[in-house]
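Just below is one structure, and these are the notes that go with it.
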């Protein structure tokens, strides 16, 4: 069997497409299943409004489905696009695109299921404020999709940008590292954002008058939860746009691949941890409106400490890129 350049590019594209869709299907399915499970619980508590609960469940599931649709788009591009007369480094870019989108869809898919499920429970408890709860669900779920969008942007750049001017060694490692950095970091941010959004839907159902404070706290908490994904995006941009001198030494390639791994895995925990802090603050703001400011302050301090580990990961990534 002859392994020419075009064959290797096709192999990478097909593998990337499978990874994108295979991993991309995981998160959305889990999130949708969670929403459906909570909808069943909600119907058992208030069967009279089963029709409204059914519709809300479908809306929540539709938003959670978005992440897998992003993965489907990337997978189709990888399977059917014409790569043209590209160098071998294109194979690394296409494989990195699939990894980026597949991993990046997991957290957003699961995270979007939390507000969908909690909205169903909240509507069963407080049918009179269905509109408020549904609106909050849509806002919170939309923010959860941001990390998946970051991943799709990086994947599209890896697919369509021309990297032929880059040396294959260590360029191949930089492009796969770029996919790992954003894709893995997006997992924690998507999941953490969903935790905050779910708590907000629950809080509004318990205390409808808290919608303003609860939503504000949710959005602030989600914004901080997104920062690990932003760090991952930053490292990916550096890896894609910086020109690295040709070096056949394995250490040079491993340094760039390690940079993507460091930031990618280093962003998962802080994203989830920030979401936990936001979830606790949002849940209790709705019950203790008189202490909303204090709860917000404690949330932000707690998130800042949790965020420090993502900063450590980014520092190591930058050292691997610019110093080692």
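Taking Cα atoms only, the orientation of helix 168-206 departs from the longest principal axis of the chain by about 0 degrees.
Here the translational diffusion coefficient of the range 164-318 follows from Stokes-Einstein with Rh set to the Kirkwood radius across Cα pairs; for 37 °C and 0.692 mPa s it amounts to 202 µm²/s.
Using only helices, what value at 222 nm comes out for the chain when you add -39,500 (n - 2.57) per DSSP H run of length 4 or more and divide by the total residues, to the nearest 500 deg cm²/dmol?
Details: 10 runs with 275 residues, N = 324.
It comes out at -30500 deg cm²/dmol, rounded to the nearest 500.
With everything on Cα atoms, drop me the angle between helix 292-322 and the longest principal axis of the chain, reported from 0 to 90° to the nearest 10. That works out to roughly 10 degrees.
Taking the convex hull of the alpha carbon atoms in the range 196-280, what volume per residue do you get, in Å³?
On the way: hull volume 6.2 nm³, N = 85.
Per residue, the Cα convex hull of the range 196-280 comes to 73 Å³.
The base-10 log of I(q)/I(0) for the chain, evaluated at q = 0.09, 0.10 Å⁻¹, reads -0.48, -0.58 [Debye formula, identical scatterers on Cα atoms, solvent excluded].
Counting only alpha carbon atoms, the long axis of helix 5-45 and the longest principal axis of the chain meet at about 10°. Put the Cα centre of the range 120-199 next to the Cα centre of the range 1-63 and the gap is 14 Å.
Taken together, the values in this text are just the output of simple stated rules run on the coordinates, not laboratory data. None of the values given here were measured: they were computed from a predicted structure.
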